[in-house]
Ligand code: FE2
């Protein structure tokens, strides 16, 4: 007998009336007509059943610190950086764990069950690393949490010399941090930026780890560290294991140069993570008008066959006072900023918060297929585009076949004579036949 049978679901690829059979924490069958006995049978009522949302770029050590020690009045990157500097000496292990755990509760409620978070490794105490390693253990039954050793103040910019932060970064990896991070555009010179990329990629190759760098988070079209990251990926045989996060300078780069760059990135199988909520608010701040959007070239990268994910980056921290762990909000913003409004492109935006970031993290057993983990979300929407339009309610969230969050359908009751008694803002967009 099955543990769980979901009936009458719609899948993101458009299949309707689908049954999903679950046993021992895994999906054992996905088919259109399945009659089997199960301990629990759920009628999905035609709603979209999707693999869980995945966030490939987050900062969990800063999340939910909004207002500490004061509010970012201007909402700019520079005031955010100085605020983080004021907050750092006041951080405690317990407060970091408490805030991160509260965010993970939000994430589960939003069907966000895998997160890659960067963690600052420039603090010799490695306070945030210790705290997030504890959080990783605590949330493991519900969330795959992947940590990136992020030298936020610059790998080669330590107060005692270029070795200082490199040493703390290696110590963080020794403690079990999963991924090698970097921030080449923040090093003192272009040459130091390129050197940091080389050193960090070599370290990742030695240790068999993945790489994910904040790369070219700048409006300077000459910030071209993605070229070095791509080169080192090829040279060291790291294809498919390296991610360039942000890449905002690519928005401002010369088209001639980009035509050479993108095929090289595709050849090296470099992943890209764009963070639309943050990029649209923090970039272009030195422009008068026209004001650049500062988001990387998502449609062009996808067209070249490069795996592109959308990340949340920040929620209620010194840099961004909004956000709720809702990856559909992220997809919604990405869709608008990149003008991805064709039917196919809107579906790509849904993939950019589900299957694409799952590839970035290298998640095993992800998807709605026999053999995959029984991790999925039933959304109050009939298809991926409607899910983005409504930032759809997460009706039921499952992890390893167990219900870990659920909510009632969102329906507004109306009180107007001659009008329906309620609305859920659904609209059947099936084209009329002529
Ligand atoms: Fe970031």
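Of all positions in the stretch 204-214, at least one carries a residue that is over 30 Å from residue 98 (Cα atoms), touching a strand residue (DSSP E or B) at 6+ places or on another chain (Cβ under 6 Å) and either without any contact (Cβ under 8 Å) to a residue 12 or more places away in the chain or surrounded by 19 or more Cβ atoms within 10 Å (Cβ to Cβ) (or both). Look at the stretch 365-390 and say how many of its residues are assigned to a loop (DSSP other than H, G, I, E, B), under 13 Å from residue 11 (Cα atoms) and touching a helix residue (DSSP H, G or I) at 6+ places or on another chain (Cβ under 8 Å). Total satisfying the criteria: 3.
Kindly indicate whether residue 324 is more than 16 Å from the ligand (Cβ to nearest atom) and under 17 Å from the mean Cα position of the chain (by Cα). It is true that residue 324 is more than 16 Å from the ligand (Cβ to nearest atom) and under 17 Å from the mean Cα position of the chain (by Cα).
Considered as a group, the residues in the stretch 110-142 that are closer than 25 Å to residue 394 by Cβ and within 16 Å of the chain's Cα centre (by Cα) include one that is farthest from the ligand (Cβ to nearest atom), and that residue is 111. For the stretch 254-270, filtering for residues that are part of a loop (DSSP other than H, G, I, E, B) and either modelled with pLDDT under 95 or farther than 22 Å from residue 348 by Cβ (or both) leaves 1. Residue 81 meets the conditions (1) within 16 Å of the ligand (Cβ to nearest atom); (2) modelled with pLDDT of 95 or more in every case but one. The failed one is (2). Return yes when residue 315 is under 18 Å from residue 180 (Cα atoms), within 13 Å of the ligand (Cβ to nearest atom), in contact (Cβ under 8 Å) with a residue 24 or more places away in the chain and buried (at least 19 other Cβ atoms within 10 Å of the Cβ) and no when it is not. So residue 315 does not fit the description; no.
Examine the stretch 281-291 for a residue that is surrounded by 23 or more Cβ atoms within 10 Å (Cβ to Cβ), at pLDDT below 95 and closer than 22 Å to residue 119 by Cβ, and state whether such a residue exists. Quick ask: steps written out before the conclusion?
Going through the stretch 281-291, the residues surrounded by 23 or more Cβ atoms within 10 Å (Cβ to Cβ) turn out to be 282-283.
In the following step, the residues that additionally are at pLDDT below 95 were identified as 282-283.
When the remaining residues are screened for being closer than 22 Å to residue 119 by Cβ, the result is 282.
Within the stretch 281-291, one or more residues are surrounded by 23 or more Cβ atoms within 10 Å (Cβ to Cβ), at pLDDT below 95 and closer than 22 Å to residue 119 by Cβ.
If you go through the stretch 271-295 and keep only what is within 13 Å of the ligand (Cβ to nearest atom), touching a helix residue (DSSP H, G or I) at 6+ places or on another chain (Cβ under 6 Å) and in a loop (DSSP other than H, G, I, E, B), you end up with just 283. Can you find a residue that is surrounded by fewer than 24 Cβ atoms within 10 Å (Cβ to Cβ) and within 16 Å of the ligand (Cβ to nearest atom) anywhere in the stretch 242-250? Within the stretch 242-250, one or more residues are surrounded by fewer than 24 Cβ atoms within 10 Å (Cβ to Cβ) and within 16 Å of the ligand (Cβ to nearest atom). Residue-level analysis places residue 223 outside the set of residues that are assigned to a helix (DSSP H, G or I), touching a residue at least 24 places away in the same chain (Cβ under 8 Å), within 16 Å of the ligand (Cβ to nearest atom) and farther than 19 Å from residue 357 by Cβ.
For the stretch 24-31, the count of residues that are away from the ligand (no atom under 16 Å from the Cβ), touching a helix residue (DSSP H, G or I) at 6+ places or on another chain (Cβ under 7 Å) and at pLDDT 95 or above is zero.
Residue-by-condition table, conditions (1) surrounded by fewer than 18 Cβ atoms within 10 Å (Cβ to Cβ); (2) touching a residue at least 60 places away in the same chain (Cβ under 8 Å); (3) under 22 Å from residue 115 (Cβ atoms):
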position: 24; (1), (2), (3): yes, yes, no
position: 33; (1), (2), (3): yes, no, no
position: 36; (1), (2), (3): yes, no, no
position: 45; (1), (2), (3): yes, no, no
position: 49; (1), (2), (3): no, yes, yes
position: 58; (1), (2), (3): no, yes, yes
position: 64; (1), (2), (3): no, yes, yes
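The values are calculated or read from the model by the stated rules, or taken from the named source; none is laboratory data. None of the values given here were measured: they were computed from a predicted structure. Cβ: placed from backbone, ideal geometry, glycine included. Neighbour counts: every protein chain shown.
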